[in-house]
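For reference, the structure is listed below as structure tokens.
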Amino acid sequence: MANRIFILIVVYVLSGLAPRAQNPALAKVISRPASSTIDLPAEIAPYLATTIDAKVPGYVEQMLVDRGAVVKEGQLLVTLTAPEMQARIAQAQAQAEAAKAEQSQAEAQLAAQQSTLEKLKQAAQTPGAVAGNDLIQNEKQLDALRSLLAARKQAADAAQAAVDAENSLVAYLKITAPFDGVITTRLAHPGALAGPPGNAPLLILQQIQHLRVVVPVPEEDVGEIARGATVAFTVPAYPRRVFSGRIARIAHSLDAKTRTMPVELDVFNHDDALAPGMYPSVRWPVRGTKPVLFVPKTSIVTTTERTFVIRVRGGRAEWIDVRPGPAEGSLVAVTGALQEGDQVLRHATDETRDGSPYPAAGR
């Protein structure tokens, strides 16, 4: 019997020392900065875009792609024909051959003069056989021929360079894609005159698998920009679908007229649902600077007369009028005569009357 009494005493003492669990029927009013989103208009642009031009004048011989064609980098798009180019190449080759022939002739003349001079030098070893003036004249002729050969060689090299330059232009008659993308516009047909650069383009190529969403962020909200953050947006074509992009590029400069800062989101368009030129609505995150009180959504009671929460203080229930604000998950921002740390009923109803006893408050 004595042992049983001792055990009961120990259990009683330990139960007094154990921490008391928070009443699950109550929730604390918490305070923190409120976060929300604002809808900002934006524009979708291709990650890469270019016009396809002819680098040399010519006529379109074949147009191998059309609007909507998906192309790969290096793929042949257009072939041109340029009869004038072939004529210029033939003329340049003829000039190069003529220059080469003149160089060969100068080399032969120089070799002959060198041989004559060597013979004169050998003959001069015999006193009186060769006049000294003859040696001098032949050496001057040899120097002149060396200069002539150098000039002919330079002319031949220039003529060959002209041939190589004309031949290099032949490669421009075949126009290839500079990157993976989609032909969004076709502007020429076979037989059309193409080039030189700066004239009407042949095609427009855009990369649409990777897109830029350009968001003009108002000056008052640029402080919340975080590179790498994910931002949601919608487009009118798919009103029930939410897309997302990552903040990748920040202008760090405001537009003087609109007082906005362009920010670009990187978006990967794997299913081709998005297209350049769309105007999405971006849910831009903003966070207030002043703390806001939050309570669970289920703590708010709305009747025909008032909206309130039920605070438990001093063992009694108190109806505290509040005005709900934006929701964040399971919590709602409220304004009213509450303080951080107040305890309110987690699942409140108007059945708990104002001023009624609430025994759970002291636990």
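Results, tabulated for the structure shown:
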read-out: Pairwise label distance in nanometres, residue 232 with residue 73, each label 7 Å out on the Cα-Cβ vector; value: 3.5
read-out: Using a Förster distance of 22 Å, the FRET efficiency for residue 108-residue 158 (Cβ separation, nearest 0.05); value: 0.55
read-out: Rounded to the nearest 20 debye, dipole of the chain from Cβ charges on Lys, Arg, Asp, Glu; value: 1900
read-out: Set of aspartates and glutamates near residue 72 by C-alpha distance (under 16 Å), chain-local residues within fewer than 8 positions excluded; value: 180
read-out: Proxy reagent accessibility, fewest Cβ within 10 Å first, across 30, 320; value: 30, 320
read-out: At least 24 Å along the helix axis (C-alpha) and Kyte average at least -1.0, DSSP helices within the chain; value: 83-123, 132-170
read-out: Kirkwood Rh and Cα Rg combined as Rg/Rh, segment 261-344; value: 1.23
read-out: Convex hull volume of the chain per residue (C-alpha atoms, cubic angstrom); value: 377
read-out: Within straight-line cross-link reach of residue 100, lysines at Cα separation under 27 Å, skipping those fewer than 8 residues along the same chain; value: 140, 153
read-out: FRET efficiency for residue 349 and residue 281, using Cβ-Cβ distance with R0 set to 35 Å, rounded to 0.05; value: 0.40
read-out: Nonlocal amide H pairs with residue 328, under 5 Å, H built at 1.01 Å; value: 333
read-out: 5 Å-binned pair-distance histogram of segment 84-171 (Cα, whole percent); value: 3, 15, 17, 13, 12, 9, 9, 7, 6, 5, 3, 2, 1, 0
read-out: Most fluctuating residue given options 127, 24, 296, as computed from a GNM of the chain linking Cα atoms under 10 Å; value: 127
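Throughout, read-outs are computed from the coordinates displayed, never taken from laboratory work. Keep in mind that what you see is a predicted model, and the values were worked out from it rather than measured. Backbone-built Cβ (ideal geometry, glycine too); neighbour counts: all protein chains shown.
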